[in-house]
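Shown next, in structure tokens, is the structure this report addresses.
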Amino acid sequence: MPNSVLTTTPKAPDPAAVSAALADLTANLQEAVRASAQAVSKTGSDPVPYDFAPIADAFSAFTTAALSQPQRLMEAQVKAWGEWTELWSRAARRAMGEQVQPVMEPVKGDRRFRDPAWSEEPVFDYLKQSYLLASKQLTDFVQSAEGDLDPAKKAQVEFFTRQYLNALSPTNFPMTNPEVLKKTLESGGVNLLQGLNHFFEDVARGEGLVSRRAPDQFELGVNIAATPGSVVYRNELMELIQYSPSTETVYKRPLLFVPPTVNKFYLFDLTPKSSYVKWLVDQGHTVFLISWVNPDEAHRDTGLADYVRNGPLAALDAIEQATGEKSVDLVAYCLGGTLSALALAYLAGTGQQKRVASATLIASLVDFKDLGEWSVFTDDKHLSAFEKYLDRKGYVEAHDLAKLFSIVRANDLIWSNFVQHYLLGEQAMPSDMLWWFADASRMPAKMLGEFGRKVLQENRVRQPGGLEIDGVPLDVSKVKIPMTFVSLKDDHVSGWKATYDGAKLFGGDVRFILGGSGHNAGTINPPAAGKHGFWTNPELPEAAEEWLAGAAKNEGSWWPEWQSWLDAHAHDRKVKARVPGEGKLPAIEPAPGSYVRVRH
């Protein structure tokens, strides 16, 4: 094993590298101490956006339920003993030179154990399998809890048990990670000095996150969010961008894209090769896109209804002024899709349904009864603590929202960065999507408060009359335009089965497409990449599993499939391409505009 960590010869560190690392370390340590002192001085004065009591209550209830079922506990112990005996037996046989199949292997997509040493070197292979086996046994035991354990409490125990197990992975410790050990021996420990330097940098930032370090190779409007266009309308909540055409003729009906408010819009306009906006323009659409404001304390009283009024509804008025067209095709994503569903219900309730000819909701929840892991955060006590936090500040910080999303995907968004930046002391490769993820946006207090209570906890979007805008009761079943729901099979934010349930609430012709991969990567899937694949089924049966059982698997991106659906339903003719600013709305400034550039 020439590349084995066990045969790596320790080297003396490079004096210049050590000197540079120590110099940076001194400066960052001073900043970390200063930031920590400031944080300590605030302790007790600022409310925190969470409450530990529900977590303690959940684990207490689980312990009581487990102890009340001694037979199940005994069965789990007997099964565990048999599995450990088998693991020890196979490890011993492998040590004797016999070829054996592993007892445990990482699940597909688990990148923690990708280093060859985890499989090729018996010591690390045994360590990996021991961790995976212990994790499986504990997870199975929690999931099998029965009796009087409340489902919400069980979900909390499952979630935080998983966080505990993720943190204990042997990949997260220098002495049990072969890649880190090898790097430490080869560099003379300089990687650990650099990692400590990175750690103090993060402490000094005071955001409670492992920063993603990569060469800063992106610039808004230059090589990311760079599709040509102009801001043609602006209000206190959004800028409306009209993109320049790339074809001589365009569809007569414009297309309005509504992104989520929680992230900046340019997930859909990353580098040109992966830009969904550019692809839409190249298909011949006149694309209008909402760029939401990055709110501050002045927006504290901005609620859901304000976002609907000053977002999609205001955009429809502006598009009519810019193009003369009274109807659009609407495409929305995630929370932008939820807002768009409310806007569609408002238009249906006010006799204006024809202003939207078709709607496509991507990775969007309308029925929130099955929140999956997000249900952990909708406990009354959690929401009350969050509301106190919001009331004090008037908004939620971008890094607090980033922490929430990171916790749900801890291995990919926390621990992988922890290993790379703190243990290996390395920078990440440049990534347009991760650069976008780090450029997060705030959310106003009233908006988040209403969303937490009325949407997440009380599930009012699906209830006829559950929400109102300007006295108009909203009922999505009255929306009878052609619609497509695009969901992603591995989505951790908007579970596809939950989005399927929402699709059935609408009253018109609804189609469902299931793309491969996750919430972001499955959405930004340009056809040229030929990745992920997608499932189609013209029927919309009662259960999501029944839909999938009857679905056909297709290769490549769902984007062209969606365009074919739109062509079949639009019956739209082509007109001369429209240039931003040539209509009744003059161009205000070049895309991507000003709102997207605001960082707090």
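The values are calculated or read from the model by the stated rules, or taken from the named source; none is laboratory data. Everything numeric here is computed off the predicted structure, so don't read it as measured data. Backbone-built Cβ (ideal geometry, glycine too); neighbour counts: all protein chains shown. For accessibility, only protein heavy atoms count, side chains too; no ligands or nucleic acids. Shrake-Rupley method; radii C 1.70, N 1.55, O 1.52, S 1.80 Å.
Structural remarks
- Estimated FRET transfer efficiency when R0 is 51 angstrom, pair Arg34-Glu86 (beta carbons, to 0.05): 0.40
- Geometric descriptor of region 543-600, per residue, is 253 Å³ (volume of the convex hull of the Cα atoms).
- Burial order of peptide ranges 444-451, 170-177, 210-217, 263-270 (average beta-carbon count within 10 Å, highest first): 263-270, 444-451, 170-177, 210-217
- Heavy atoms of Ser144: accessible area, 1.4 Å probe, square angstrom to 10: 40 Å²
- Efficiency of FRET from Cβ geometry, Thr139 and Asp412, R₀ 25 Å, rounded to 0.05: 0.85
- In the context of the full protein assembly, Arg573 retains an accessible surface of approximately 140 Å², using a probe radius of 1.4 Å and ignoring ligands and nucleic acids.
- Computed extension length for Val123-Glu539: 144.6 nm, one decimal, from 0.36 nm per residue of separation with the Cα-Cα distance subtracted.
- Length released on extending from Leu434 to Asp391, taking residue separation times 0.36 nm less the Cα-Cα span: 12.4 nm
- Solvent-accessible area of Met429 with every protein chain in place, 1.4 Å probe, in Å² to the nearest 10: 150 Å²
- Which listed pairs, of Lys264/Lys489; Lys489/Lys553; Lys388/Lys454; Lys79/Lys154, have C-alpha distances above 19 Å, in listed order: Lys264/Lys489; Lys79/Lys154
- Lysines whose Cα lies under 16 Å from that of Lys478, excluding same-chain neighbours fewer than 8 positions away: Lys354, Lys504
- DSSP-defined antiparallel bridges as percent of all bridges, the chain, nearest 5: 55 percent
- Computed [θ] at 222 nm, helices only, for the chain once each DSSP H run of length n ≥ 4 contributes -39500 (n - 2.57): -12500 deg cm²/dmol
- Global geometry of region 220-348, whether rounded, prolate or oblate, following the gyration tensor of its Cα atoms and the 1.5 cut on a/c: oblate
- Gyration tensor verdict on region 61-156 (Cα atoms; rounded if a/c is under 1.5, prolate if a/b is larger than b/c, oblate otherwise): oblate
- Averaged per residue, the chain has 45 square angstrom of accessible surface, using a 1.4 angstrom probe with ligands and nucleic acids left out.
- Fully extending the segment from Phe405 to Val579 would add 58.8 nm, taking 0.36 nm per residue of separation and subtracting the current Cα-Cα distance.
- Counting only protein heavy atoms and a probe of 1.4 Å, the accessible surface of the chain is 55% carbon and sulfur.
- Ordered by 1.4 Å accessible area with all protein chains kept, Phe199, Phe52 run largest first as Phe52, Phe199.
- Comparing Cα centroids, region 557-593 and region 323-378 end up 19 angstrom apart.
- Packing rank of 317-324, 339-346, where each peptide gets the mean count of other beta carbons within 10 Å, highest leading: 339-346, 317-324
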